[in-house]
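The values are calculated or read from the model by the stated rules, or taken from the named source; none is laboratory data. Remember, it's a predicted structure, so these values are computed and weren't measured experimentally. Please note: Cβ atoms are built from the backbone with ideal geometry, for glycine as well, and neighbour counts cover all protein chains shown.
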Amino acid sequence: MRYESAIDFAAVEAIDMHVHYETDTCGHHSMPQEYIDASAAYFKGADRMPSADAIAELYRGLNMAAVMFTVDARTQLGHLPNSIDDLVAAAARNNDVLIPFGSVDPRTGGDAITEAVRQVEELGVWGMKFHPSLQGFDPSDEQYMPLWEKISELGVPALFHTGQNGIGAGMPGGGGIKLRYSNPLLLDDIAAELPELKIIMAHPSVPWQDEANSIAVHKPNVFIDLSGWRPKYFPESLVRFASNMLSEKLLFATDYPLLAPERWLADFAELPIKDEVRPKIFKGNALRVLGVN
Ligand SMILES: [Zn+2]
Ligand SMILES: [Zn+2]
């Protein structure tokens, strides 16, 4: 099953660049892991685990497209991700609204490169998602450069979780999770060496927002997705630069199902961001990142 988009990009009002098709691999949100586990059990089958068809229905109703992905952290977590092939098949049968991104575990070495090629060329994914803290790797480490080179060659964007995350919070040693791997400055090395590779820094990069702003201003190939935080809690510098230095760099994104688009939109409407910049954030910038003309 190969994904081919049937999205009418002229008609949709926005593209949500960050939606999870499963909820247990991106626990960077506020709750400690035991609470996430508890709530996952509690909400089983309900809102915390929407089906891909339910996700599609939500975005269809909002007249939006959505980028959907999981994270392959098999080395760090010791278990396989949910099937990327299934994820792509689900996006394919909802190809009027959904866009699949793939994911590979960089710590699997050459296999990661082979799998990235398969996901892009055979499955038709439009980008690749990474989570350095959850996957347990330093993106600036030279050993991963061949993977970034290959993704650049494949011509799809790479999206990286940045900033703090809730996984392991409160556990001894934070569950062994290293926060510094999600420092956006580690991505600046990749951006400098591979100017053709489009890099999306996911989330306001708390506590490194100034670093993220600097990179996005300095590197034409680096973007910021606005997911994971209610806009009312965005760092002040991010909001201040949104209307000027970062107007071409910010991407509407929610982190659904962990943050509902309706709530994000209501908050965002209250921010002091220029009206002429809003359409860029909602769609224009995403079209450039995704390579849609
Ligand atoms: Zn994340
Ligand atoms: Zn996320």
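Filtering region 240-254 to residues that are assigned to a helix (DSSP H, G or I) and buried (at least 16 other Cβ atoms within 10 Å of the Cβ) leaves F241, A242. Pairs meeting the criteria (first residue in region 271-293 and modelled with pLDDT of 95 or more, second residue basic (K, R) and not in a helix (DSSP H, G or I), beta carbons under 6 Å, at least 6 apart or on different chains) are V289/K198.
In region 166-209, of all residues being in contact with a strand residue (DSSP E or B) (Cβ under 8 Å, 6 or more places away or on another chain) and β-branched (V, I, T), the one that is farthest from W229 (Cα to Cα) corresponds to I190.
Here E262 does not qualify as surrounded by 15 or more Cβ atoms within 10 Å (Cβ to Cβ) and in a helix (DSSP H, G or I). Taking (1) within 16 Å of ligand 2 (Cβ to nearest atom); (2) surrounded by fewer than 20 Cβ atoms within 10 Å (Cβ to Cβ); (3) of a type in the set (V, I, T) in turn, T108 satisfies each apart from (1).
Filtering region 152-178 to residues that are at pLDDT 95 or above and within 14 Å of ligand 1 (Cβ to nearest atom) leaves A158, L159, F160, H161, T162, G163. Taken as a whole, the condition of being in contact with a helix residue (DSSP H, G or I) (Cβ under 7 Å, 6 or more places away or on another chain), closer than 27 Å to E236 by Cα and within 16 Å of ligand 2 (Cβ to nearest atom) does not apply to Q135. Checked against (1) within 21 Å of H18 (Cα to Cα); (2) touching a residue at least 60 places away in the same chain (Cβ under 8 Å), L186 passes all but condition (2). If I filter region 215-239 down to residues being assigned to a helix (DSSP H, G or I) and within 16 Å of ligand 2 (Cβ to nearest atom), which single residue comes out as farthest from H18 (Cα to Cα)? This residue is Y233. Of all the listed residues (L123, L154), the sole one being closer than 23 Å to M17 by Cα and in contact with a Phe, Trp or Tyr (Cβ under 9 Å, 6 or more places away or on another chain) is L123. Are any of the residues in region 135-151 away from ligand 1 (no atom under 14 Å from the Cβ), β-branched (V, I, T), within 24 Å of K178 (Cβ to Cβ) and touching a Lys or Arg at 6+ places or on another chain (Cβ under 6 Å)? No, every residue in region 135-151 fails to be away from ligand 1 (no atom under 14 Å from the Cβ), β-branched (V, I, T), within 24 Å of K178 (Cβ to Cβ) and touching a Lys or Arg at 6+ places or on another chain (Cβ under 6 Å). Screening G168, G174 for residues that are surrounded by fewer than 21 Cβ atoms within 10 Å (Cβ to Cβ), within 16 Å of ligand 2 (Cβ to nearest atom) and not hydrophobic (A, V, I, L, M, F, W, C) leaves exactly one candidate, G168.
Looking across region 198-213, the residues that are away from ligand 1 (no atom under 16 Å from the Cβ), surrounded by 17 or more Cβ atoms within 10 Å (Cβ to Cβ) and not in a loop (DSSP other than H, G, I, E, B) come down to E211, N213. The listed residues are F130, F69, F160, F137, and the only one of them that is buried (at least 18 other Cβ atoms within 10 Å of the Cβ) and over 23 Å from F252 (Cα atoms) turns out to be F137. Being away from ligand 2 (no atom under 16 Å from the Cβ) and not in a strand (DSSP E or B) is the requirement here; does P195 meet it? Here the answer is yes, as P195 does meet what is asked.
Only one entry of L251, L194 meets the criterion of being away from ligand 1 (no atom under 16 Å from the Cβ) and touching a helix residue (DSSP H, G or I) at 6+ places or on another chain (Cβ under 6 Å), and that entry is L194. Within region 35-72, the set of residues being in a loop (DSSP other than H, G, I, E, B), over 19 Å from L123 (Cβ atoms) and at pLDDT 90 or above comprises L62, N63.
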